[in-house]
Amino acid sequence: ILGGRETTPHLKPYMASLQVHGKHICGGFLIAEQWVMSAAHCLEDMDNATFHVLLGAHSLKEHEPHKHLYGVLGTSSPGSSHDTNHDDLLLIQLEERAHLNQDVQVLAFQRVDQDVPAGTKCEVAGWGITSNTGRHPDKLQAVELPIISREVCNRRIHHDNEITEKMLCADSRKKDSCKGDSGGPLVCHGVAEGVVTSGSRVCGNWKKPGIYTRISAYVGWIDSILA
Ligand SMILES: NCc1cccc(Nc2n[nH]c3ncnc(Nc4cccc(O)c4)c23)c1
């Protein structure tokens, strides 16, 4: 997260850290007791190694009462194409149901397939890098970002018609998501509307707004997997 700040501990109890050998790779969030949502590209970042899901954390390293590392029973993606940002969504089934408490809670996602109005202030959180030199935070960071219309985001100087109706854009001037935030939720009025995707991988440059997968465009698929 660029341009953000450390969150109040455990006020985002749905946040997940996808880890390989104790190293944070991607974000994610709890959508049901046994299911975490993230980004399909994160599987590539993990070189298909075995990964675990950390829930209940604020600090990645310190001992915290409700931190718990879960194994993964399986994953599913809507046939994401590896090279593009299309369908960059991942559902992770935990090996057991997460034990819910004040530090581990489910986050509701948007089921109505309507665009978030441009200018809406949303929030993205993660343990991704906090500077272009790649500083890794130990504690969860968050930043508030305004939504940019698809029409503006598709202009040539921005993403030049790459933004489909299954994606949305948020401002990236100074404040932005970045490496390691992929898979985390874009939350607007307390509901997950988007999932961080790396897109052009650029961070903090106003010319390349952040790209987020629109969750409401995948409700049918999500419900079919969770059923
Ligand atoms: N803001 C969009 C966004 C969301 C999520 C991830 C990303 N970036 C990245 N995703 N994957 C990456 N692998 C290597 N480098 C990357 N970005 C990077 C790294 C150092 C300095 C810098 O300015 C940008 C990324 C970008």
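Every read-out reported here was derived from the displayed coordinates using simple, explicitly stated rules and does not represent laboratory data. Given the structure is predicted, the values throughout are model-derived calculations rather than measurements. Note that each Cβ is placed from the backbone with ideal geometry, even for glycine, and that neighbours are counted across all protein chains shown.
Apply the a/c threshold of 1.5 to the C-alpha gyration tensor of segment 34-132 and tell me whether it is rounded, prolate or oblate.
Numbers: a/c = 1.45, a/b = 1.20, b/c = 1.21.
Taking the square roots of the gyration eigenvalues as a ≥ b ≥ c, segment 34-132 is rounded.
Using a basic spin-label model with each label point 7 Å from the Cα along Cα→Cβ, how many nm lie between residue 225 and residue 189?
It works out to 2.6 nm between the two label points.
Could you pull out the pairs from 12/61; 23/166; 61/208; 139/207; 174/208 whose alpha carbons sit more than 21 Å apart here? Don't jump to the answer; show the numbers that get you there.
Values: 12/61 17 Å; 23/166 30 Å; 61/208 32 Å; 139/207 28 Å; 174/208 11 Å.
Those over the limit are 23/166; 61/208; 139/207.
Would you kindly state how much longer the chain becomes between residue 111 and residue 136 on full extension, computed as 0.36 nm times their sequence separation minus their alpha carbon distance, in nm to one decimal?
Details: separation 25, 0.36 × 25 = 9.00 nm, distance 3.33 nm.
In short, 5.7 nm is gained.
Name the shape class, rounded, prolate or oblate, that the alpha-carbon gyration tensor gives for segment 1-47, where a ≥ b ≥ c are the square roots of its eigenvalues, rounded holds for a/c under 1.5, and otherwise prolate holds if a/b is larger than b/c and oblate otherwise.
Cα axes put segment 1-47 in the oblate bin.
If I model a spin label at residue 44 and residue 174 as a point 7 Å from the Cα along the Cα→Cβ vector, what separation in nanometres do I get?
3.2 nm
Tell me whether segment 76-135 comes out rounded, prolate or oblate; compute the Cα gyration tensor, take square roots of the eigenvalues as a ≥ b ≥ c, and use a/c under 1.5 as the rounded threshold. The partial results should precede the final answer.
Details: a/c = 1.19, a/b = 1.12, b/c = 1.06.
It is rounded, given that a/c, with a ≥ b ≥ c, falls under 1.5.
Within 11 Å, Cβ to Cβ, of residue 52, how many net charges do the neighbouring residues add up to if Lys/Arg are +1 and Asp/Glu are -1? List each step's numbers first, then the result.
On the way: positive: 23; negative: 95.
That works out to 0.
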